[in-house]
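Here's the structure we're looking at; comments come further down.
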Amino acid sequence: MLMSLALSTTVTVLLCLLGFRKCSGASAWTLKGKIVSGEHWLDDEGGIIQAHGGSMLFHNQTYFWYGENKDAPTEWRSWKMPDQEWWYTRTPALGISCYSSSDLLNWHNEGMALKADGSHEDLEAGQTLERPRVLYNNLTQQFVMWVHVDDAGYSLCRLGMAVSAAPTGPFRYQGSMQANDQRNGDFTLFKEDNGTAYVVTASQKQSMDPRFMLLHELSIDFQRVLPNPFRILPPLDRESPVLFKYEAHYFLLTSGSTFWSPNAAEIFTARALEGPYASWGNPCHGEPMDQHGITFSSQASFAIPLQAPGAPGHFLIMADRWQSNDLKESTYVWLPLHISLRVQKPLQLVSKSGEAANDDNEDPGQDEAVRLTAVRRIALEWRSAWDPHSGLNLPGTSLKYREGRSRVHRLPVAFVARYGSYIHGPEPPDAGLNKG
Ligand code: GAL
């Protein structure tokens, strides 16, 4: 009897370690105490975590992870063109899940933050709900969720919005629209240090046009998109924007546009949120080299700053390893990204309006000392198991990493001639620039 109990416990632990679903007790992930990419991750009750295309909100010392619950059968659909047919897969919307954690390793399932319960036409089961992002609004003390809303054929291309008094929901759905009259695909939210929030959308005018990135400011309550967006990338057909800030530099990590198939990431940097953004190419470095061109078989979704002691400039990149034939089996790839800065001018007095300080300025309180820096390199490196709180051992400390400036990827000359090198400030989105 004891023997068979011991045997069954060993089998259960082995199954858990191998990543099979629904084992109770500690998850494979927790047992390892590390982030292990590409495996099924279990919550504290042994359920498989369903939070794809996800994002993170850090609120009151707790991480809230929002994502697509894809625990439904994968369907095949097609778009019929006059001369060809395109096949793709999808899962009908179940809703947006929420998980909470204090350490990014152990997760508690908080249930559905927004349910596709048919209470609104966007929340019918046949619809598509993707890439939820949530911000807390200090003024209204509400949590505001934005989500990509679509039909089964991805023809609506809208953004939906929902609010809740608690981070875990239930969020009250408020409706959807096309931000600034563009077809919005993937998107993200970004909150500036001064509290202003923005939505970045991969937009297009017509369904077959290449996508370009727009930066739209949100209203003070974060519940409306304001007019006059900035076009921050020309029609390069980039998707899944991940926008984050480090030491007065803005980073925009993007994927290519290949449905669920992985492709090469491309990262852009800027000194101002509105741009101009310059491309640093694909930030994937290190082993395995044959995975660089497909972002370690994943598509980035969100960035979280890491505070590992003695390791500044580290972010955790949340990414999805999609399984297009069975989307609920998709796994997560979470990797550290390291940004290294070069000090250009050690300390300079700059007035708050941004002008260089005047020596005989009578009000020195108006000035602040800033360290002027430039980005030296950006590296996203594969780790099969790593601890987000220590042991980052990333480029900068690793001997294997080649020193020197990262190559700045240049746009084709013909492209620059047509669209300019990058941004040209606020531009009406209907300027007709995106005709191939
Ligand atoms: C990807 C997008 C995903 C999902 C998928 C559908 O390009 O990033 O969020 O929409 O297409 O095929």
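Just so you know, all these numbers are worked out from the coordinates, no wet-lab data involved. All values derive from a computational prediction rather than experimental measurement. Glycine also receives a Cβ, built like all others from the backbone with ideal geometry; neighbour counts cover every protein chain displayed.
Tabulated results
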read-out: Förster radius 35 Å - calculated FRET efficiency between Val343 and Trp86 (Cβ-Cβ, nearest 0.05); value: 0.10
read-out: Inter-label distance for Ser155 and Ser324, nm, one decimal - labels placed 7 Å from Cα along Cα-to-Cβ; value: 2.2
read-out: Proxy reagent accessibility, fewest Cβ within 10 Å first, across Tyr198, Tyr66; value: Tyr198, Tyr66
read-out: Proxy reagent accessibility, fewest Cβ within 10 Å first, across His40, His148, His389; value: His389, His40, His148
read-out: Student exercise, segment 130-245 dipole from Lys, Arg, Asp, Glu Cβ charges, in Debye to nearest 20; value: 80
read-out: Nearest-20 debye value, segment 40-158 charge dipole, Cβ charges on Lys, Arg, Asp, Glu; value: 280
read-out: 11 Å beta-carbon shell around Thr254, net charge (K/R +1, D/E -1); value: -2
read-out: Amide H contacts of Arg211 (H built 1.01 Å from N, under 5 Å, at least 5 apart or other chain); value: Asp237, Arg238
read-out: Between segment 204-277 and segment 94-110, the Cα center-to-center distance that results, in Å; value: 26
read-out: Restraint check, Lys34/Lys345; Lys245/Lys345; Lys34/Lys245; Lys80/Lys115; Lys115/Lys245, Cα-Cα greater than 29 Å; value: Lys34/Lys345; Lys80/Lys115; Lys115/Lys245
read-out: Rough spin-label spacing in nm, given labels placed 7 Å along Cα→Cβ, for Leu139 and Asp290; value: 5.4
read-out: Radius 13 Å from Cβ of Val199, net charge of other residues (Lys, Arg +1; Asp, Glu -1); value: +2
read-out: Virtual spin-label span in nm between Ala272 and Met208, 7 Å along Cα→Cβ; value: 3.8
read-out: Extent along principal axes [Cα atoms of segment 157-275; Å; largest to smallest]; value: 38, 36, 28
read-out: Cut-off 12 Å, label 7 Å out along Cα→Cβ of Ser78, residues of segment 146-172 by amide N; value: none
read-out: Computed over segment 173-214, Kirkwood Rh from alpha-carbon pairs, angstrom; value: 11.4
read-out: Contact order normalised by residue count of segment 34-119, Cα under 8 Å, 6+ apart, percent; value: 26
read-out: Long-range amide H partners of Phe302 with built H, under 5 Å; value: Met318
read-out: Neighbour-count ranking [beta-carbon atoms within 10 angstrom, fewest first] of Phe64, Phe58, Phe244; value: Phe58, Phe244, Phe64
